[in-house]
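First comes the structure, then the notes that go with it.
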Amino acid sequence: MKQQEEWLAFERQHVWHPYASMINPAQVYPVMRAAGVELEFEDGRSVIDGMSSWWSAIHGYNVPELNRAAEQQLQQMAHVMFGGLTHRPAADLASKLLEIAPENMAHIFFADSGSVSVEVAIKMALQYWQAKGSPEKQRLLTIRNGYHGDTFGAMSVCDPESGMHHLFSGVLAQQLFAEAPTAGSDAQWDVAQLASLQSRIRTHHHELAAVILEPIVQGAGGMRFYAPEFLRQVRRLCDEYDLLLILDEIATGFGRTGTMFASEQAGVHPDIMCVGKALTGGYMSLAATLCSAKVCEGIHSDGSGVLMHGPTFMANPLACAVANASLDLLLASPWQQRVAAIEAQLEAELAGCRELPGVADVRIKGAIGVIEMQDAVDVPSVQVSLIERGVWLRPFGKLIYTMPPFVISSAQLSRVTAAMTSACTLFDSK
Ligand code: PMP
């Protein structure tokens, strides 16, 4: 077996990390194991994971119920193709998801990652209008600061400035972008914030297939929160102009914002909805695209329609079995109280950061705590300081934020907020 220095040097030379340079790679920290809410590095140090492995490990790590589900499923089969075959883990998961999803959701496509589930959602919308005899309806409308994934369809609806549009201009589908609302809550809502989206719908509805949004919380495009009223108004406009509404609940789903799905806070039903990330409790990659009976009937309305998608690992039984166990565990837990307690503690312990020099904003929603600095954060040095305080976070842009596992204890969360607070101070003194 290779010595640690050897394999680390090898991987540094040959293995790409997310959004990273291969010739000048940023520092990465080797993790040996993880349990509870802690990651244990190869050098023996432990850190509290305030990121839940990119917002997915809601139950923490090495969870007995999820381990058992994976082990039991392994004894049956790790995988079989979904073309022409089916299996109980997928049927059970579909039934559990439809039970908790908005009541008009009726059909499910199991995809292998969040980005792919967004591609499938876009295909559903385009195929819907094609089958209904309106093939010219093939553009999408969204708001700025959004993020929906890294594949080409998904990238085309990410924020055109902070996203990757500049790298792929001429290749990405030309979608429409409206201004994002600035009100973070219904109390601050002003109807003027709808004007940009409304005018684009009025002008372009004849060529629009759907509006796509992250409901209430915009994640990787800026960790911004918007008023439920905005979502209600978008639903109203989609109904008025006969557009489909796609809600991307990949980051917000499964309790993160305080409700099972963020759309519940607006009382809005999507036509198509994507889930992923926490679906398997962060154990492995699985996502799903759900749609209403109306969308399904539309796709088949020309008599010949089949949905043109079918990845090799569609509905992977191992992932479905773990997702079933994860949903059972979530539903049996006091998750609402846990998320509410995390929200209250984040508010109490991060509020003081609003007064610190260099801090532009502090915002909290459910189990999400965000400190927005006035300038871009120097990620490597902030990360060193966080790790010294026993905390793992991955700041980006001007943001130092946490989305901890729901099972984090109050003492552990205090360590996270203390590390975030000291990271702001460090940043300012530079
Ligand atoms: N949509 C949203 C809202 C996301 O936050 C993400 C991932 N950060 C994705 C889509 C893409 O998911 P994945 O990384 O699993 O492809």
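The values are calculated or read from the model by the stated rules, or taken from the named source; none is laboratory data. Because the structure is a prediction, the values reported are computed rather than measured. Cβ sites come from the backbone with ideal geometry, for glycine too, and all protein chains shown count toward neighbours. Remember, those area values only see protein heavy atoms, side chains included, never the ligands or the DNA or RNA. Shrake-Rupley method; radii C 1.70, N 1.55, O 1.52, S 1.80 Å.
Observations, loosely collected:
- Cross-link reach list, lysines versus LYS277, counting only Cα pairs under 16 Å and skipping chain neighbours closer than eight places: none
- DSSP bridge orientation in the chain - percent antiparallel, rounded to nearest 5: 65
- Computing FRET efficiency as 1/(1 + (r/R0)^6) for TRP7 and GLN374, where r is the C-beta to C-beta distance and R0 is 41 Å, gives about 0.55.
- Using 0.36 nm per residue and subtracting the Cα-Cα separation, the extra length available between TYR241 and HIS14 on full extension is 76.7 nm.
- Size of charge dipole - the chain - debye, nearest 20, with Cβ of Lys, Arg +1 and Asp, Glu -1, no other charges: 200
- Lysines whose Cα lies under 20 Å from that of LYS398, excluding same-chain neighbours fewer than 8 positions away: LYS365, LYS430
- Calculated mean residue ellipticity, 222 nm, the chain: -11000 deg cm²/dmol, from DSSP H runs (n ≥ 4) at -39500 (n - 2.57) each, averaged per residue and rounded to 500.
- Taking a straight Cα-Cα cut-off under 19 Å and skipping sequence neighbours fewer than 8 places away in the same chain, the lysines within cross-link reach of LYS123 are LYS132, LYS137, LYS294.
- Each peptide in 8-20, 335-347 gets a packing score, the mean of other Cβ atoms within 10 Å over its residues, and the list from highest to lowest is 335-347, 8-20.
- Sum of side-chain charges, GLN233 neighbourhood, beta-carbon under 13 Å (Lys, Arg +1; Asp, Glu -1): -2
- Phi angles of the stretch 206-216 translate, via the Karplus equation with coefficients 6.51, -1.76, 1.60 and θ = phi - 60°, into HN-Hα couplings of 5, 10, 8, 8, 7, 9, 10, 9, 7, x, 6 Hz per residue; Gly and Pro are given as x.
- Take every pair of alpha-carbon atoms less than 8 Å apart whose residues are at least six positions apart; their mean separation over the length of the chain yields a relative contact order of 21 percent.
- Full-extension gain in nm, ILE387 to MET308, via 0.36 nm per residue minus C-alpha separation: 23.9 nm
- Per residue solvent-accessible surface (Å²) - the stretch 2-48, probe of 1.4 Å: 72
- Once backbone amide H atoms are built at 1.01 Å from N, VAL37 has TYR61 as its partners under 5 Å, excluding neighbours fewer than 5 places away on the same chain.
- Contour excess over end-to-end distance, with Cα ends at LEU74 and GLU42 and 0.36 nm allotted per residue: 8.7 nm
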